[in-house]
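The values are calculated or read from the model by the stated rules, or taken from the named source; none is laboratory data. On a predicted model such as this, the values are computed, not experimentally measured, just so you know. Cβ atoms come from the backbone with ideal geometry, glycine included; neighbour counts cover every protein chain shown. We work out accessible area using only protein heavy atoms, side chains counted, and drop any ligands, DNA or RNA first. Shrake-Rupley method; radii C 1.70, N 1.55, O 1.52, S 1.80 Å.
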Amino acid sequence: MRVANVETNSMEQVASALRSPERLQSPVLKPACARLCEGDIPIAELGPILIASPHPDDETLGCGGLISRCAELGCSVTILAMTKGEASHPGDRHWQTRLAQIRGAEQRRALNVMGFSDPDIIELGLPDGGLESLSTETLQRACVKIREIIHSRRIQTLFVPAVDDCHADHQITAKLLADVARDYPFRYFFSYQIWLPTSRRLSVTTNEREYGHDISSLIALKRSAIFQHQSQLNVVDPNHTEGFRMPPTLLDAKLGNTESFALVSDPAAWSS
């Protein structure tokens with residue numbers, strides 16, 4: 001298993017990166033640029049989908065329109081919750097436990113809004129903000145669990161965070177899933193971006209083909225889903241007012257008419 005060379009970044013770097021601007025039309029992922037790909041990929045052909053979400057809300061921000069479309073079409077979606085998001089606001093262990101419960105409930109409500117009344121969420125319970133510090137043994141156990149989930153649900157398509165995302169938890173998530181993909185016959189391996197990178201490696205860009213999904217008819221639904229994550233938007237406890245607050249620039253970027261994905265041709269090379 002290879003998950004080394006993670007580019008850890010401070011929240012200041014994440015905030016800096018954010019300053020860079022980034023119902024049914026047709027049930028397909030359409031090429032964002034015609035010269036990048038020769039055909040559309042029908043969502044119905046993606047098969048059972050697994051979306052790897054480092055923190056509760058990443059799947060909504062990055063793939064909310066896609067999830068809603070899958071619900072419309074009756075396509076299976078499994079959310080792999082890497083962490084419980086308990087580190088978004090500082091506090092003692094009791095508060096961290098409570099925040100994890102709050103964020104888990106928000107994630108479930110958001111998926112309800114997007115059309116899944118009984119969402120399939122698998123929680124790995126890894127430490128929020130600490131994926132880059134996990135031991136090799138812990139990472140290997142996580143990979144074994146992920147493989148079991150993928151096999152049991154016959155997953156055909158993966159959506160994972162961008163490997164050069166500015167958040168280290170997102171990078172590690174991408175590397176773990178790319179490691180799993182080495183020995184599993186996936187149909188498609190897509191990435192989605194949350195925090196824009198400050199630069200992009202050639203090994204990443206040469207293994208990506210850009211796609212866009214038209215969500216213009218789903219924006220209101222996606223917005224409603226995002227706003228279920230009130231702990232990331234407003235103060236949820238008067239004793240814990242410090243912590244992460246979702247920047248308006250991120251909301252603007254994720255509530256445009258198109259969700260962007262990258263089809264990864266070689267996950268091993270892409271994540272190296």
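So who's got an amide H within less than 5 Å of the one on residue 233, skipping anything under 5 residues away but keeping other chains? H placed 1.01 Å off N, in plane.
The list, which skips near neighbours in sequence, is 246.
First check a/c for region 202-272, with a ≥ b ≥ c the square roots of the eigenvalues of its C-alpha gyration tensor; if it is under 1.5, answer rounded, and if not, answer prolate when a/b is larger than b/c or oblate otherwise.
Oblate shape, in that a/c is at least 1.5 and b/c is the bigger or equal ratio.
Taking only protein heavy atoms and a 1.4 Å probe, what accessible area per residue, in Å², does the chain have with all protein chains in place?
That works out to 44 Å² for each residue.
Identify the GluC sites (Glu not before Pro) of region 150-244 meeting these criteria: DSSP loop state and at most 15 other C-beta atoms within 10 Å of the C-beta.
Answer in residue order: 242.
Using the Cα centre as the reference, give the magnitude of the dipole from point charges on the C-beta atoms of the chain (Lys, Arg: +1; Asp, Glu: -1; all else neutral), rounded to the nearest 20 debye.
In total the dipole reaches around 340 debye.
In terms of solvent-accessible area of protein heavy atoms at a 1.4 angstrom probe, what is the ranking of 152, 217, highest value first?
The most accessible residue leads, giving 152, 217.
Work out the charge dipole of the chain with +1 on the Cβ of Lys and Arg and -1 on the Cβ of Asp and Glu about the Cα centre, then indicate which of 168, 80, 236 is farthest towards its positive end.
80
Over the chain, what is the percentage of antiparallel beta bridges among all DSSP beta bridges, to the nearest 5?
40 percent
Using θ = phi - 60° and the Karplus relation 6.51 cos²θ - 1.76 cosθ + 1.60, list the HN-Hα couplings for region 154-170 in order, rounded to whole Hz, with x at every Gly or Pro.
Residue by residue, region 154-170 yields 6, 4, 10, 9, 10, 10, 10, x, 5, 5, 10, 4, 6, 9, 4, 4, 5 Hz.
If amide H atoms are built 1.01 Å from N in the plane of the peptide, which residues on other chains or at least 5 residues away come under 5 Å of the amide H of residue 120?
Result for residue 120 returns 79.
If you filter region 94-203 for trypsin sites (Lys or Arg not before Pro), then keep DSSP loop positions with at most 10 other Cβ within 10 Å, what is left?
154
Over the chain, with every protein chain in place, what whole percent of the accessible area is carbon and sulfur at 1.4 Å, could you tell me?
Carbon plus sulfur share of accessible area: 48 percent.
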